[in-house]
Amino acid sequence: MLGIIGGSGLTQLANLDVSHREVVRTPYGEPSGAITFGEIGGQPAMFLARHGYGHTIPPHEVNYRANIWALWHKGATGIVSVASVGGIRADLAPGDIVIPHQIIDYTWGRRSTYHEGEGCTVTHIDFTEPYDRALRQMILLAASDVGVSAHASAVYAATQGPRLETAAEIDRLERDGAEVVGMTGMPEAVLARELGVPYAAINVIANYAAGRADSKDGISFEAIEGVLRESMDRVRIVIDRLAGCHAEVCAAAD
């Protein structure tokens, strides 16, 4: 079953034919909200709003461990994270859809592993490719199938938030090799890897990053809202096709 985490701009999934909602208790506390179960294009799926259904939980206070564990516990065989980001790379304009392939983590203080606490042994995982290669390709194929343009790669910089970055910080991120910037990509990706759940992301460029193009002197939040309204409609179309692709692959694997 495909699990979808919606971020800013996607607090509900209109194309999800809802069957029920369930509050999942986890060993790591409360998730951001109840998981919504249903079907997308006739295929089972589940949805969780990362920031809560009223968009009340800021990025640095999201209980990422509970969210990922809850989706895994309820049977997610793949998790797709949808999130808005700022564009650093010159060819990434507001409204563009990007499927990132790498992460640089600048967050701090977030509970970022399940392997801690009394009785746990030291556990390392390979994180060379932070996003699942097969799931990324499936998203790109789904986008192509429905005629939605998507950039096939980007290096995602995960910052702490909730404030946006300074222009100088964006300059630094660019020197480090970052191409988009967001606040929620970590520790989601590593937690999914620890549980063995394929994880990939769909990023929507909501604005040029600070100091770039029309964000040179500041970022317009009003403009961001308009961009996300239009862009998330295309994301929903991709997810609709993706649900079918994911079901086909899972059926073949069985």
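The values are calculated or read from the model by the stated rules, or taken from the named source; none is laboratory data. If you're wondering where the values come from, they're calculated on a predicted model, not measured in any experiment. Here Cβ is always computed from backbone atoms with ideal geometry, including for glycine, and neighbour counts include all displayed protein chains.
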Over region 54-80, the set of residues free of Cβ contacts under 8 Å to residues at least 60 places away in the same chain, in a loop (DSSP other than H, G, I, E, B) and under 16 Å from the mean Cα position of the chain (by Cα) is His55, Ile57, Asn63
In region 179-193, the residues that are surrounded by fewer than 24 Cβ atoms within 10 Å (Cβ to Cβ) and either without any contact (Cβ under 8 Å) to a residue 24 or more places away in the chain or aliphatic (A, V, I, L, M) (or both): Met186, Val190
For region 96-130, name all the residues that are among the β-branched types (Val, Ile, Thr) and either under 16 Å from the mean Cα position of the chain (by Cα) or closer than 30 Å to Met232 by Cβ (or both). Ile97, Val98, Ile99, Ile103, Ile104, Thr107
Considering region 1-21 alone, what residues qualify as being modelled with pLDDT of 95 or more and of a type outside the set (A, V, I, L, M)? Gly3
Starting from residues that are in a loop (DSSP other than H, G, I, E, B), in contact (Cβ under 8 Å) with a residue 24 or more places away in the chain and aliphatic (A, V, I, L, M), keep the ones in region 119-172 and report whichever is farthest from Val98 (Cα to Cα). Ile125
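Within region 129-136, is there a residue that is modelled with pLDDT of 95 or more, surrounded by fewer than 18 Cβ atoms within 10 Å (Cβ to Cβ) and within 21 Å of Ala178 (Cα to Cα)? If you could, list the steps in order and put the result at the bottom.
Here is the first cut: in region 129-136, the residues modelled with pLDDT of 95 or more are 129-136.
Those left that are additionally surrounded by fewer than 18 Cβ atoms within 10 Å (Cβ to Cβ): 129, 133-134.
From what is left, the residues that are within 21 Å of Ala178 (Cα to Cα) are 129, 133.
Within region 129-136 (the criterion being modelled with pLDDT of 95 or more, surrounded by fewer than 18 Cβ atoms within 10 Å (Cβ to Cβ) and within 21 Å of Ala178 (Cα to Cα)), the answer is yes, since at least one residue qualifies.
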Determine the pairs where a residue that is without any contact (Cβ under 8 Å) to a residue 40 or more places away in the chain, located within region 14-34, has a partner that is part of a loop (DSSP other than H, G, I, E, B) and not aliphatic (A, V, I, L, M) with Cβ atoms under 6 Å apart, the partner being 6 or more residues away or on another chain. Gly29/Asn63; Ser32/Arg50; Ser32/Gly52; Gly33/Gly52; Gly33/Tyr53
Residue ID - nearest to Glu39 (Cα to Cα), chosen from residues in region 217-239 that are outside any helix (DSSP H, G or I) and free of Cβ contacts under 8 Å to residues at least 24 places away in the same chain: Ser220
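Can you go through Ala143, Ala76, Ala49 and tell me which one is buried (at least 22 other Cβ atoms within 10 Å of the Cβ) and at pLDDT below 95? Write out each step before concluding.
Details: Ala143 fails: at pLDDT below 95; Ala76 fails: at pLDDT below 95.
Among Ala143, Ala76, Ala49, only Ala49 is buried (at least 22 other Cβ atoms within 10 Å of the Cβ) and at pLDDT below 95.
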I'd like to know if region 194-211 contains one or more residues that are buried (at least 19 other Cβ atoms within 10 Å of the Cβ), in a helix (DSSP H, G or I) and at pLDDT 95 or above. yes
